[in-house]
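**Q** Just passing along the structure, written as structure tokens.
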Amino acid sequence: MDLVALKYIGAGLLSIGMAGAALAIGNIFAAFFDAIARNPSASAKIEKYIYIAVGLAEAMGIFAVLLAFLILFS
């Protein structure tokens, strides 16, 4: 198999990491809205942790994109 083909396969597999980050962010916000629906007074306490969790999940997606670019263009 050619090395160029392996680059494209590796970049395609990294799209799983980007999809995982999108699913994680969706699950985080779904749990957040569910918690606010059950207890609206706790939203101020929960909100700061939500932003940290979303930032960490989004960072995994960004790392996957950066690795895909490094694989494709190196």
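**Q** What does the helix-only formula give at 222 nm for the chain: each DSSP H stretch with n ≥ 4 adding -39500 (n - 2.57), the total divided by the residues, and the result rounded to the nearest 500 deg cm²/dmol? Before the final figure, lay out the partial values.
**A** On the way: 2 runs with 66 residues, N = 74.
Only helices count here, giving -32500 deg cm²/dmol.
**Q** In degrees between 0 and 90, to the nearest 10, how far off the longest principal axis of the chain does helix 3-38 point, with axes built from Cα atoms?
**A** For 3-38 against the chain, the angle is about 0 degrees.
**Q** With a 1.4 Å probe and all protein chains in place, put 56, 6, 14 in order of accessible area, largest first.
**A** Accessible-area ranking of 56, 6, 14, largest first: 56, 6, 14.
**Q** Would you mind getting the accessible area per residue of the chain, heavy atoms of the protein chains only, 1.4 Å probe, in Å²? Intermediate results must be reported in sequence, preceding the final value.
**A** On the way: 5350 Å² over 74 residues.
Here the residues of the chain average 72 Å² of exposed surface.
**Q** Same structure again: How tilted is helix 43-72 with respect to the longest principal axis of the chain? Cα atoms for both, answer in degrees (0 to 90, nearest 10).
**A** Roughly 0 degrees between the two axes.
**Q** Using a 1.4 Å probe on the protein chains only, how many percent of the accessible area of the chain belongs to carbon and sulfur?
**A** The C+S portion of the solvent-accessible surface of the chain is 75 percent.
**Q** Starting with the highest mean, order 44-55, 25-36 by the number of other Cβ atoms within 10 Å, averaged over the residues of each peptide.
**A** Values: 44-55: 11.8, 25-36: 13.4.
Put in order of decreasing packing, that is 25-36, 44-55.
The values are calculated or read from the model by the stated rules, or taken from the named source; none is laboratory data. Bear in mind the structure is a predicted one, so any value in this text is a computation, not a measurement. Virtual Cβ from ideal backbone geometry, glycine too; neighbours counted across all protein chains shown. Only protein heavy atoms, including side chains, enter the accessible area calculation; ligands, DNA and RNA are left aside. Shrake-Rupley method; radii C 1.70, N 1.55, O 1.52, S 1.80 Å.
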